[in-house]
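Peer 1: The structure's right below; bear with me while I get my questions together.
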Amino acid sequence: RWLLAALVAGLLGLFCYFALNRREGPKAELKRAMERNEFFLHYQPVLALEDLSVTGAEVLMRWRHPVQGLIAPDIFIRAAEDTGLIVELTRHLFTLLEKELAQWEGGRFKLGVNLAAEHLHDGTLTRDLLALKGRLPANIQLVAELTERQLIGEDPLVLKQLQDCRAAGIQIAIDDFGTGHSSLAYLERLPVDYLKIDKSFVSALDSGSVQAPVLEAIIQLGHRLGMELLAEGIETERQAQFLRAKGVEYGQGYFYARPMPAPTLRQWLATAGS
Ligand code: C2E
Ligand code: CA
Ligand code: CA
Ligand code: CA
C-alpha cells in the first residue's frame, strides 16, 4: 500500500517537474544564457558603394548554447519577444557593446543596432540609447535600426522618441524596407536618416524576377523623402553594380564581408585600408 502511494507521489513529482520546466522553458533559458554570458556579438561592415570606403558596421547578436550550439537570432530574438525579455536582452547587448568597443579607435564609425518594437512602445528606448551613447567612444555614431512594421501606427510616443534620439545625435534607419506597408504620408512624417532595402529585393536582381522595377521605385522614393539608402544582402558583383548605378549610397553583404567578431573586424578594417 505505501509502495503504491510512494509510486504515485513519485510520478506526480516527476510530472510537476516536467510541467514546470516546460512552462518556464524558453524564458528561464534566455535568462540563464545572459547570466552565463552565452550571447556574443558579430559585426558586419557597411561600405559606401561609390568608393568602397568602410563607413561602419551592423551589430548582430549570436547565442552559443551549451547543448544546441549556435542558435540563429531569427529564433532567439523571436523567443525573447514572446517571453517579454527582449528589452532586457537588448540592454544586455548594450553592456556587451560597451565592453567590446570601449577602446575603439579611428575615425567616425557608424554602428547599426537592431531594436525591438517593445522597447519603443514602453518608452525607455531613447533613455537607454542615450546612456549607451554616453558610454561609447565619441567617434562611434549610433544608428537605431527599426523595422518598417515596428514603426507602423500613429503612436505619438514613438514619434517623440525618434525625434529625441535624433536631436541627441543618434541616427534612425528603417530596416527591412519594402516588406511592410507604410503609407507615403506616414513615412514623410517620420524622422528617418536611412532606408535599409530588404535583401529579398537585392537577391531578386539576380534571379531575373520582375522585382527590379519595384527596387527602382523604392530607391526613388527614399531619395525623394530625403533619406539615404543602404542595400543589405549584396552577394554578387552584378547586384553591387546595379545598386551603385541607381544611386544607392551604402551596401552590406557577403560580397564585401560576412558578420565577424570585433577583433577580426579590427584586422579587416586595417587591411581594407579605411
Ligand atoms: P537584419 O537586421 O535584417 O540583419 C541582416 C541579416 O542578413 C543578418 O542575419 C545578416 O547576417 C544577414 N546577411 C548579411 N549579408 C548577407 C548576404 O549577403 N546574404 C544573406 N543571405 N544574408 C546576409 P542574422 O545575423 O542571422 O540576423 C537575422 C535577424 O535577426 C536580423 O535581420 C535582425 O532582425 C535580427 N537580429 C540580429 N541581431 C539582433 C539584435 O541584436 N537585436 C534584435 N532586436 N534583432 C537582431
Ligand atoms: Ca538590421
Ligand atoms: Ca534588414
Ligand atoms: Ca531582415
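Peer 1: Going by the conditions given, is Ala270 open to solvent by 20 Å² or more (accessible area, probe 1.4 Å), over 22 Å from Tyr43 (Cβ atoms) and not polar (S, T, N, Q)? Please lay out each step first, then the result.
Peer 2: Numbers: open to solvent by 20 Å² or more (accessible area, probe 1.4 Å): yes; over 22 Å from Tyr43 (Cβ atoms): no; not polar (S, T, N, Q): yes.
Criteria not met by Ala270.
Peer 1: Sticking with this structure for a sec: Considering only segment 108-130, how many residues are assigned to a loop (DSSP other than H, G, I, E, B) and surrounded by 15 or more Cβ atoms within 10 Å (Cβ to Cβ)?
Peer 2: 3
Peer 1: Identify, from the list Gly178, Gly251, the residue that is of a type in the set (Gly, Ala, Ser) and over 23 Å from Leu111 (Cβ atoms).
Peer 2: The unique qualifying residue is Gly178.
Peer 1: Separate question: If you check Glu88 against the conditions, is it in contact with a Gly (Cβ under 7 Å, 6 or more places away or on another chain) and either open to solvent by less than 60 Å² (accessible area, probe 1.4 Å) or not small (Gly, Ala, Ser) (or both)?
Peer 2: Answer is no for this residue.
Peer 1: For segment 53-67, which positions are open to solvent by 20 Å² or more (accessible area, probe 1.4 Å) and either away from ligand 2 (no atom under 16 Å from the Cβ) or outside any strand (DSSP E or B) (or both)?
Peer 2: Those that are open to solvent by 20 Å² or more (accessible area, probe 1.4 Å) and either away from ligand 2 (no atom under 16 Å from the Cβ) or outside any strand (DSSP E or B) (or both): Ser53, Val54, Arg64, Pro66, Val67.
Peer 1: I've got another one for you. Can you tell me which residue is surrounded by the most Cβ atoms within 10 Å (Cβ to Cβ) among those in segment 159-179 that are within 13 Å of ligand 1 (Cβ to nearest atom) and at pLDDT below 90?
Peer 2: Within segment 159-179, the match that is surrounded by the most Cβ atoms within 10 Å (Cβ to Cβ) is Phe177.
Peer 1: Taking segment 20-47 as the search range and keeping residues that are over 30 Å from Gly247 (Cα atoms) and part of a strand (DSSP E or B), which one is most open to solvent (accessible area, probe 1.4 Å)?
Peer 2: The selected residue is Phe40.
Peer 1: Identify the single condition in (1) closer than 21 Å to Val158 by Cα; (2) modelled with pLDDT under 95 that Ala131 does not satisfy, given that it satisfies every other one.
Peer 2: (2)
Peer 1: Could you list, in sequence order, all residues of segment 218-272 that are of a type in the set (Phe, Trp, Tyr), in a helix (DSSP H, G or I) and under 30 Å from Glu188 (Cβ atoms)?
Peer 2: Across segment 218-272, the qualifying residue is only Phe242.
Peer 1: Let me ask something else about it. Restricting to segment 200-251, give me the number of residues that are of a type in the set (Gly, Ala, Ser), on the phi < 0 side of the Ramachandran plot, open to solvent by less than 50 Å² (accessible area, probe 1.4 Å) and within 16 Å of ligand 3 (Cβ to nearest atom).
Peer 2: 4
Peer 1: Report, ordered by the first and then the second residue, all pairs with beta carbons closer than 6 Å, sequence separation of six or more or different chains, a first member in segment 36-57 that is farther than 20 Å from Trp104 by Cβ, and a second member that is open to solvent by 10 Å² or more (accessible area, probe 1.4 Å).
Peer 2: Glu38/Trp63; Glu38/Arg64; Leu49/Arg244
Peer 1: Another question, if that's okay. Going through Glu105, Glu50 one at a time, which residue ends up being open to solvent by 50 Å² or more (accessible area, probe 1.4 Å), in a loop (DSSP other than H, G, I, E, B), under 30 Å from Gly247 (Cβ atoms) and not small (Gly, Ala, Ser)?
Peer 2: On inspection, the qualifying residue turns out to be Glu50.
Peer 1: Within segment 97-125, track down each residue that is within 16 Å of ligand 4 (Cβ to nearest atom) and modelled with pLDDT under 95. Let's see the steps before the verdict.
Peer 2: Of all residues in segment 97-125, those within 16 Å of ligand 4 (Cβ to nearest atom) come to 112-117.
Correct list: Ala116, Ala117.
Peer 1: Still on this structure, please answer the following. Tally the residues that are farther than 19 Å from Leu195 by Cβ and either touching a residue at least 40 places away in the same chain (Cβ under 8 Å) or surrounded by 15 or more Cβ atoms within 10 Å (Cβ to Cβ) (or both), restricting the search to segment 136-158.
Peer 2: Total satisfying the criteria: 2.
Peer 1: Could you say whether any residue in segment 162-180 is among the hydroxyl-bearing types (Ser, Thr, Tyr), within 16 Å of ligand 3 (Cβ to nearest atom) and over 17 Å from Thr90 (Cα atoms)?
Peer 2: Yes.
The values are calculated or read from the model by the stated rules, or taken from the named source; none is laboratory data. A quick note: this is a predicted structure, and the numbers were derived from the prediction, not measured. All Cβ positions, glycine included, derive from the backbone under ideal geometry; neighbour counts span all protein chains shown. Note: accessible area is taken over every heavy atom of the protein model, side chains too, but ligands, DNA and RNA are not part of it. Shrake-Rupley method; radii C 1.70, N 1.55, O 1.52, S 1.80 Å.
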